[in-house]
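As structure tokens, the structure follows; a few thoughts come after it.
The values are calculated or read from the model by the stated rules, or taken from the named source; none is laboratory data. These numbers come from a predicted model, not from an experiment. Note: ideal-geometry Cβ built from the backbone for every residue, glycine included; neighbour counts use all protein chains shown. We work out accessible area using only protein heavy atoms, side chains counted, and drop any ligands, DNA or RNA first. Shrake-Rupley method; radii C 1.70, N 1.55, O 1.52, S 1.80 Å.
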Amino acid sequence: MAEFFAMGGHGFYIWSSYGVTFLFLAIEVFLLMRKKKTMMQRLARIARMNKK
Amino acid sequence: MLAMIRWVLWRELTVAMRTKSEVLTTLFFFVIVITLFPLGVGPETETLELIGPGILWVAALLASMLSLTRMFSEDYQDGTLEQMLVASQPLVIIVASKIFAHWMVSGLPLVIISPLLSLQLGLDMESTLILMLTLLIGTPILSLIGAVGAGLTLGVRGGGVLLSLLVLPLYIPVLIFGAGAVEAVRAGLEVEAHLSLLGAFLVLAMVLAPWGTAASLRISLD
Amino acid sequence: MQMLTKAFWLQLSTPKAFYPVAGTLAPCFMMLAVILCVIGLYIGFFVAPVDYQQGNSYRIMFIHVPAAWMGMFIYLVMCAYATIGLIWNTRLSSMMASALAPTGALFTFIALWSGAFWGKPTWGTYWVWDARLTSFLILLFLYIGYMSLQAAIDDQQKAAKASALLALVGVVNIPIIYFSVKWWNTLHQGMSVTVTDAPTMAPSMAWSMFIMAFAFWMYAIGIALMRVRTIILERERHAAWVQDLGNKGANHG
């Protein structure tokens with residue numbers, strides 16, 4: 001297992017590229033989902049205000 | 001049509017002559033940026049000679065960009081630009097004359113003063129002449145490309161910084177071939193290829209940029 | 001029949017009709033992306049052999065090359081959408097162009113980042129002023145310019161048009177910039193490391209790379225659909241159907 005992660009001495013380079021890639025992709029998805037949620041909440045708030 | 005071009009040129013140039021600040025600011029900026037480099041990297045003649053063409057060209061890019069924001073902003077504020085949009089003359093012609101006037105005010109002075117700075121950086125006579133020639137062909141391209149950016153950022157907050165972000169990447173080919181020609185002379189190589197490519201860029205920019213600028217002004221004033 | 005299909009597509013190209021469609025399609029594409037990614041990485045790490053020249057470091061290629069492809073490809077697709085939006089004034093195409101830009105910039109950045117970490121063990125430095133690397137850096141600048149212009153203009157319609165024009169100027173310039181940088185690089189060859197293509201690739205390496213490219217492609221489509229939904233909500237917030245959505249949310253919450 002440790003040998004797999006060491007990647008013959010290149011582990012640092014490989015895992016920092018892969019890590020950054022998947023971290024950023026995950027952040028992009030997370031941010032978009034949060035944005036969608038806040039927008040829906042805002043729309044609902046406006047709708048409630050209009051009702052009153 | 002000719003009357004229109006003459007009117008635009010005359011108007012732009014008289015405004016520039018009356019205020020004078022635009023020409024002088026650009027010019028002094030150019031000189032000061034170049035003066036900073038020997039102070040930054042040291043006064044060794046060999047180093048300066050090596051990086052001289054690049055410094056001169058980068059300074060020219062920045063200087064010509066500095067005055068871009070003012071290309072349309074005054075006409076935009078006093079409403080002249082709206083009038084130009086609905087004028088009977090095609091907007092492309094008006095825009096092209098304005099770009100030409102901008103070059104005469106901000107590009108041409110750089111070409112004229114460049115030999116002084118070039119000799120100061122230790123370039124020889126032949127390199128200096130080629131530098132002047134590349135600046136003469138290259139600075140109009142900068143005004144032409146810059147005009148599209150100036151039109152797009154018209155009336156946008158933080159327009160000046162944004163403009164540099166949009167325009168500088170597009171200046172790269174001019175920088176490469178402009179500075180490359182001077183370096184080629186220093187290395188004793190042929191410069192014709194560089195000059196003809198710069199000329200080709202100029203023709204291409206002259207054909208496309210006025211249309212792009214006119215379109216960008218229409219979008220900005222919509 | 002032809003009329004009917006045409007009407008169907010026209011109908012679908014309105015933001016209102018596209019919003020729910022994008023909502024159902026986006027998770028499908030995301031699932032596909034995850035599945036392809038797992039397969040691609042399994043082949044890449046457990047099936048593909050160690051390269052006799054580069055050792056294990058070549059495995060960065062499985063994200064580097066697909067990310068680079070996507071960075072360029074998304075720019076072209078974005079320009080195509082922007083042009084369509086500019087000429088025919090179709091709202092949805094402009095929205096798609098805006099939705100693609102951040103993802104394209106992200107892939108360009110990933111290509112640069114992974115390229116740097118591949119370069120260190122292979123050439124000994126993180127960065128060389130190689131033609132391809134430099135061009136990619138400039139591509140990233142073009143993306144950033146596009147997004148900044150769009151963010152700086154308050155009027156959404158105007159922002160879409162202005163950035164579309166900028167994208168067009170960029171696409172005319174890309175070949176010129178690439179050619180100049182390449183030429184500049186050959187002139188200065190003595191100073192930089194020559195980057196040669198990988199020699200012969202084992203089939204499993206090629207497979208892994210292509211599957212990863214598909215995974216990134218599916219991810220790009222999925223994320224663009226997700227983002228276009230938020231853009232639709234933002235730009236159409238005064239439309240009745242968007243306010244109905246808000247009403248439903250108000251009744252639930």
Item to complete: State, as an integer percentage, the relative contact order of chain B based on alpha-carbon contacts under 8 Å between residues 6 or more apart.
Response: 26
Worksheet item: Rounded to the nearest 10 Å², what accessible area does A:I27 show when all protein chains are kept and the probe is 1.4 Å?
Response: 80
Response to the item:
Quick calc, B:A87 & A:K51: beta-carbon distance into FRET formula, R0 60 Å, rounding 0.05, result 0.70
Practice prompt. Determine ³J(HN,Hα), in whole Hz, for all residues of the stretch B:78-89 in sequence, where each value follows from phi through the Karplus function 6.51 cos²θ - 1.76 cosθ + 1.60 and θ = phi - 60°; x replaces Gly and Pro.
Written response: 8, x, 4, 5, 4, 4, 5, 5, 9, 5, 6, 6
Worksheet item: If you put +1 on each Lys and Arg Cβ and -1 on each Asp and Glu Cβ, how big is the dipole of the stretch C:20-248 around its Cα centre, in Debye rounded to 20?
Response: 220
Discussion item. Show me the helices of chain B, taken as full DSSP H stretches, that run 20 Å or more along their long axis by Cα and average -0.5 or above in Kyte-Doolittle hydropathy.
Written reply: B:2-19, B:21-41, B:45-66, B:125-152, B:159-186, B:192-221
Worksheet item: In angstroms, what radius of gyration and Dmax does the stretch A:12-51 have, counting Cα atoms only?
Response: 17.4, 58
Fill in: Charge-dipole axis of the stretch A:12-51 as Lys and Arg at +1 and Asp and Glu at -1 on Cβ define it, positive-most pick from A:V20, A:F30, A:A47
A:A47
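Mind checking which helices in chain C clear 27 Å along their axis (Cα) and have mean Kyte-Doolittle hydropathy of 1.0 or more, DSSP H runs only? Before the final figure, lay out each step's value.
Working: long enough: C:15-42 (40 Å, 1.63); C:61-88 (40 Å, 1.65); C:91-123 (47 Å, 0.66); C:131-152 (31 Å, 1.43); C:156-187 (44 Å, 0.76); C:203-235 (47 Å, 1.12).
Within chain C the helices that satisfy the rule are C:15-42, C:61-88, C:131-152, C:203-235.
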Worksheet item: Relative to the Cα centre, what is the charge dipole magnitude of chain B, using +1 at the beta carbon of each Lys and Arg, -1 at the beta carbon of each Asp and Glu, and rounding to the nearest 20 debye?
Response: 700
Discussion item. Over 34 Å apart: what share of the alpha carbon pairs of chain C falls there, rounded to a whole percent?
Written reply: 29
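My understanding is that a pair violates if its Cα-Cα distance is over 31 Å; which of A:K35/C:K120; A:K51/C:K16; A:K36/C:K182; B:K20/C:K182; A:K35/C:K161; B:K98/C:K158 do that in this structure?
Pairs exceeding 31 Å: A:K35/C:K120; A:K36/C:K182; B:K20/C:K182.
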Practice prompt. Provide the FRET efficiency to the nearest 0.05 for the A:S16-B:L50 pair, computing r from the beta carbons and using R0 = 30 Å.
Written response: 0.25
Worksheet item: B:S196 to A:R42: FRET efficiency via 1/(1 + (r/R0)^6), r the Cβ-Cβ distance, R0 41 Å, to the nearest 0.05?
Response: 0.10
Worksheet item: How big is the Kirkwood radius of the stretch B:2-221, worked out from every pair of different alpha carbons and given in Å to one decimal?
Response: 17.9
Worksheet item: Counting alpha carbon pairs within less than 8 Å and at least 6 residues apart, what relative contact order, in whole percent, applies to chain C?
Response: 35
Practice prompt. Could you state the orientation-averaged shadow area of the convex hull built on the Cα atoms of the stretch C:203-253, in nm² to one decimal?
Written response: 4.9
Worksheet item: Over the alpha carbons of the stretch C:22-89, what is the largest minus smallest coordinate on each principal axis, giving the biggest first in Å?
Response: 54, 29, 10
Response to the item:
Between the residues B:S127, B:F177, B:I32, the Cα farthest towards the positive end of the dipole of chain B, that dipole coming from +1 and -1 charges on the beta-carbon of Lys, Arg, Asp and Glu, is from B:I32
Worksheet item: Over the protein assembly as shown, what lengths in whole Å, largest first, do the semi-axes of the equivalent ellipsoid take, defined as the square roots of 5 times the eigenvalues of the alpha-carbon gyration tensor?
Response: 43, 36, 18
Discussion item. Starting from the 7 Å offset along Cα-to-Cβ, what nm value, one decimal, do you get for the label separation of C:A206 and B:L204?
Written reply: 3.4
Worksheet item: Relative to the present Cα-Cα distance, how much length would full extension add between B:I32 and B:R157 at 0.36 nm per residue of separation?
Response: 42.2 nm
Worksheet item: If one takes the longest principal axis of the Cα atoms in chain A, at what angle in degrees, from 0 to 90 and to the nearest 10, does the Cα axis of helix A:11-51 lie?
Response: 10
